[in-house]
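The values are calculated or read from the model by the stated rules, or taken from the named source; none is laboratory data. The structure displayed is predicted, hence computed values, not measured ones. Just the protein is used for accessible areas: all its heavy atoms, side chains included, with ligands, DNA and RNA removed. Shrake-Rupley method; radii C 1.70, N 1.55, O 1.52, S 1.80 Å.
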Amino acid sequence: MTNFQQIENSAADLIARFLKSQGIQRVYGLCGGHIMPIWMRLDAHGIQIVDTRDERAAVYMAHAEAELTGQLGVALVTAGPGVTNAMTGLANAHVARASVMVLSGTPPLAQENRGALQDMVHTDVVKSVTQFARTVRHPDLVLPALYEAAACALGQGGESGPVFIDFPVDILRASPSQVAQLAEYFKPLNSLRSTPHSADVQAAIELLWQAKRPLFISGRGARGAEKTLQALLSVLGAVYLDTGESRGLVPDSHASVVGAMRAQAMKEADLVVTLGRKLDFQLAYGSPAVFGDAKFLRISDNAAHLRDNRRGEVEILADVGHTLDALLAHKPARAPATDVAWAQGLRAQHLQRADKQIQSMKTAAPGSDGLMHPNRVLSALRDALPEDAVVVADGGDFLSFARVGLPANTYLDPGSLGCIGIGTPFGVAASLVCPDKTVVVATGDGAFGFNAMEIDTAVRHQAPVLVVVANNGSWAIEVRDQQETHGKVVGTRLQFADHAGMARAFGMHAQRVEKAEDLPAAIALALQNLPALLDVLVTPEAVSSDAKSGLAWVPDLQALSAWDEAERNWRQSESGNS
Ligand SMILES: Cc1ncc(C[n+]2csc(CCOP(=O)(O)OP(=O)(O)O)c2C)c(N)n1
């Protein structure tokens, strides 16, 4: 047996000291013998352990922590099934480029490949969805690996994303040499931000000042650049679209925001500026079928988001904030060529549409089954939530309704992986990270089921989150797909299960709500008794915009039916021309 003193001077202790030195306040995980030395040393150093009911949820929570703090989010999972359970979380963090560090253990070195308990090669399994995956087999190599992994996770010199390290448990118990733990190793990582070349800045200014209909689109690479971005938009009178990755950078009150006129803005722009944003399926892969012959100006601090799908007239590989600063600092004296009437017209239509949307939500009619429309839930939440609330949206149809109907400056959702089930774990972590803010999870009943056990984690850790389940007794968006494209419904109906009863069984305040008029009181009571869950019966008949747009049935060439058709026509006319 190892004695307590040995553990105090162990590699596991070094890991805890490293995390502490990086400002990590909490680690999400599920215990197991292969990681117990780390687990206990984290606790010894005052790092909170948020013990979850599934490793997948632990990684989701670390993901939310990373997104909300801009720092590392850390999960600790045990060997074998602990790591395989964590895989979906890693994949989601990979696609979202979230700075997640997952730590694990392996059998002791002397038992490797001998048929040991929970023995498998984790690094092979996680390799395709991590920026860094390594087994550390010597206590003196622990710190260098942690620094390298942390820098990779934070995207220093590359794309940010999840990293993975595991340690044989005997190495965790062993003592590193004195040299391997010099005090200078315990410094926070400094941030490294690249600056643009002045020739590129000048070329970008030329494009921007010549454009008549400039459209800015931001992604996660623009986070932190809100002030300069807003200032540049005002100087140019440009229009702006955000994406889920960069919600809240430009407030809706800013004259450039035209989110409700997305399709028209994309079609009519003559210059599209992408800021730290991939031209992925949400942006029609930058296709000329949707964007016409607009020029592109692409700015990103990493190569993967600079030239994907559509080359830029000017491409700047540098920190987005620094680049926007430089553009403003060198702005010409002459007025930009922006067509003010075009930009103002889009803005006016945006405001009109957004207002109409709010009004129609308030009175959305129930289904033929008498159950309320999901928009009534969102409308009631909208009325009750403070402006700085953190919103987590999850599900199929309900996610689609919530994305439009419950805007928030701090917003998280399943992201480009379409990773439904993140709702409750994201919400639990968000409420721990932002204890002074109201955190609400708006989730479909199907999506809720994946990690429903995390209501237990919320109660045990007194995570002040409100989970609102839109209970339509089905995977509704899939029902619609089957009805429309196959004419038959198979395996997509659920029960109108008693989620409130389930939550109460774990000691959570919970209530079922069946009438829209009961929502305001139920929400108010729930907010006074957090963590809480509201199980709201809604009609499965409400058709969301994601269902109407064809997103759910995955067209061949583009994500949305209208874009798919435009792409088909464009390709045909291009091949006719050649
Ligand atoms: C992990 C995972 N499994 C399955 C899917 C496919 N899927 C996307 S939306 C959806 C239905 C979600 O149902 P629910 O959360 O109840 O929301 P509703 O559509 O009923 O509003 C499904 C099954 C997915 N995106 N992710």
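How are the alpha carbon pair distances in the range 125-234 distributed across 5 Å bins from zero to the largest one, expressed in percent?
2, 9, 13, 15, 14, 11, 9, 8, 7, 5, 4, 2, 1, 0
Normalise the Cα radius of gyration of the range 1-69 by 2.2 N^0.38 Å (N = residues in it) and let me know the number.
In units of the globular-protein estimate, the range 1-69 measures up at 1.14.
Can you give me the pair-distance distribution of the chain, C-alpha pairs, 20 Å bins, whole percents?
All Cα pairs considered, the percentages come to 20, 49, 28, 2.
Would you kindly calculate the translational diffusion coefficient of the range 448-534, applying Stokes-Einstein with the Kirkwood radius from alpha carbon pairs, for 10 °C and a viscosity of 1.306 mPa s, and quote it in µm² s⁻¹ without decimals?
Using the Kirkwood radius from Cα pairs, D works out to 111 µm²/s.
Restricting everything to alpha-carbon atoms, can you work out Rg to Rh for the range 395-515 with a Kirkwood hydrodynamic radius?
0.98
Once amide H atoms are built 1.01 Å from N in the peptide plane, which residues 5 or more positions from residue 538, or in another chain, come under 5 Å H to H?
Result for residue 538 returns 471, 472.
Computed on alpha carbon atoms, what radius of gyration and Dmax characterise the range 473-578, expressed in Å?
That works out to 20.9, 68 Å for Rg and Dmax.
Rg(Cα) of the range 24-142 divided by 2.2 N^0.38 Å?
My calculation over the Cα atoms of the range 24-142 gives 1.01.
Provide the three semi-axes, in whole Å and in decreasing order, of the ellipsoid equivalent to the range 353-399 as defined by the square roots of 5 times the Cα gyration tensor eigenvalues.
Values: eigenvalues 78, 42, 20 Å².
After scaling each eigenvalue by five and taking roots: 20, 14, 10 Å.
Rg and Dmax of the range 97-187, Cα atoms, in Å?
13.9, 40
Give or take rounding to whole Å, what are the principal axis extents of the alpha carbon atoms in the range 205-309, in descending order?
Computed over the range 205-309, the largest-to-smallest principal extents equal 31, 29, 28 Å.
Using the Kirkwood radius built from alpha carbon pairs, what does the Stokes-Einstein equation give as D for the range 265-404 at 20 °C and 1.002 mPa s, in µm² per second?
Answer, rounded: 115 µm²/s.
Round to a whole angstrom and tell me the spacing of the C-alpha centers of the range 119-163 and the range 508-578.
First find each Cα centre; the distance between them is then 36 Å.
Distances longer than 14 Å among the Cα atoms of the range 171-216: what percent of all pairs is that?
74
Over what distance in Å are the Cα centres of the range 300-355 and the range 230-258 separated?
Taking the Cα centre of the range 230-258 as reference, the centre of the range 300-355 is 9 Å away.
So, for the chain, what is the accessible surface per residue at a probe of 1.4 Å, expressed in square angstrom?
Result: 41 Å² per residue.
Tell me the carbon and sulfur percent of the accessible area for the chain, rounded to whole percent, probe radius 1.4 Å. Don't skip to the end; give the middle numbers.
Numbers: 12010 of 23780 Å².
After summing per-atom areas, the C and S share lands at 51 percent.
Compute for the range 332-432: radius of gyration divided by Kirkwood radius, i.e. Rg/Rh, restricted to C-alpha atoms, rounded to two decimals.
1.10
Based on alpha-carbon atoms only, what is the radius of gyration of the range 202-261 relative to the globular estimate 2.2 N^0.38 Å?
Ratio of Cα Rg to 2.2 N^0.38 Å: 1.08.
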